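Participant: Below you'll find the structure I mean.
The values are calculated or read from the model by the stated rules, or taken from the named source; none is laboratory data. None of the values given here were measured: they were computed from a predicted structure. Please note: Cβ atoms are built from the backbone with ideal geometry, for glycine as well, and neighbour counts cover all protein chains shown.
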Amino acid sequence: MVNVGCSAEYRTVAPGRLGSRSVVESDAVAKGLRPYGTLITHGMVLAEKGKKMSKSLGNIVGPSTIVLGGSDKKKDPAYGADLLRFWAASIEYKNDMSIGRTSLSQTAEAMHKIRNSARFVLGNIMDGDVLRDFERVERNNMGFVE
């Protein structure tokens, strides 16, 4: 196949969807073009015990429940969007991952440790004139990582 005509450099797909193709992909392949440069398969989000989430089993954990909390705040407390982002960033995208009360409380504990450490460091840096000696770098002079 020709590398010209890629509509996207990367495409992510769940392992269970590898056999299905969209109309765009089928059309590109029929024309001898690559529909995307690289195919990345990601893991599935599973219920807490590692089972597939299902409405009939009632084990679905929705993002709004994690962020805002459930109807019973003791059972399903509101963790906030930062915790959900931190959980998503901390997992290995290639593997299946489970989400539930245990993993969310462990993530909350890890996030609190990081925040408290950062608060401690910033509190100690701000004492005195430590920041006065740093050279200011303009935003347009910063590299990608900075």
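Participant: Quickly run through the range 23-81 and pick out the residues that are in contact with a strand residue (DSSP E or B) (Cβ under 9 Å, 6 or more places away or on another chain), surrounded by fewer than 15 Cβ atoms within 10 Å (Cβ to Cβ) and among the hydrophobic types (A, V, I, L, M, F, W, C).
Facilitator: 39, 40, 44, listed by residue number.
Participant: Can you tell me which residue within the range 89-146, out of those that are more than 23 Å from the chain's Cα centre (by Cα) and β-branched (Val, Ile, Thr), is modelled with the lowest pLDDT? Let's see the steps before the verdict.
Facilitator: First, the residues of the range 89-146 that are more than 23 Å from the chain's Cα centre (by Cα): 119-143.
Now drop any that are not β-branched (Val, Ile, Thr), which leaves 121, 125, 130, 137.
Values: 121: 86, 125: 76, 130: 64, 137: 83.
Here the residue is 130.
Participant: A further question on this structure: Could you tell me whether residue 102 is surrounded by fewer than 15 Cβ atoms within 10 Å (Cβ to Cβ) and either free of Cβ contacts under 8 Å to residues at least 24 places away in the same chain or among the β-branched types (Val, Ile, Thr) (or both)?
Facilitator: For residue 102, the condition - surrounded by fewer than 15 Cβ atoms within 10 Å (Cβ to Cβ) and either free of Cβ contacts under 8 Å to residues at least 24 places away in the same chain or among the β-branched types (Val, Ile, Thr) (or both) - is met.
Participant: What tally of residues in the range 69-108 results from selecting those that are more than 24 Å from residue 51 (Cα to Cα) and of a type in the set (Asp, Glu)?
Facilitator: Within the range 69-108, residues that are more than 24 Å from residue 51 (Cα to Cα) and of a type in the set (Asp, Glu) number 1.
Participant: Return the pair list, or none, for Cβ contacts closer than 7 Å from residues in the range 35-46 that are within 15 Å of residue 93 (Cα to Cα) to residues that are among the hydroxyl-bearing types (Ser, Thr, Tyr), at least 6 apart or on different chains.
Facilitator: Once the first residue is within 15 Å of residue 93 (Cα to Cα) and sits in the range 35-46, its partners that are among the hydroxyl-bearing types (Ser, Thr, Tyr) give 40/10; 40/12; 42/12; 42/93; 43/93; 46/98.
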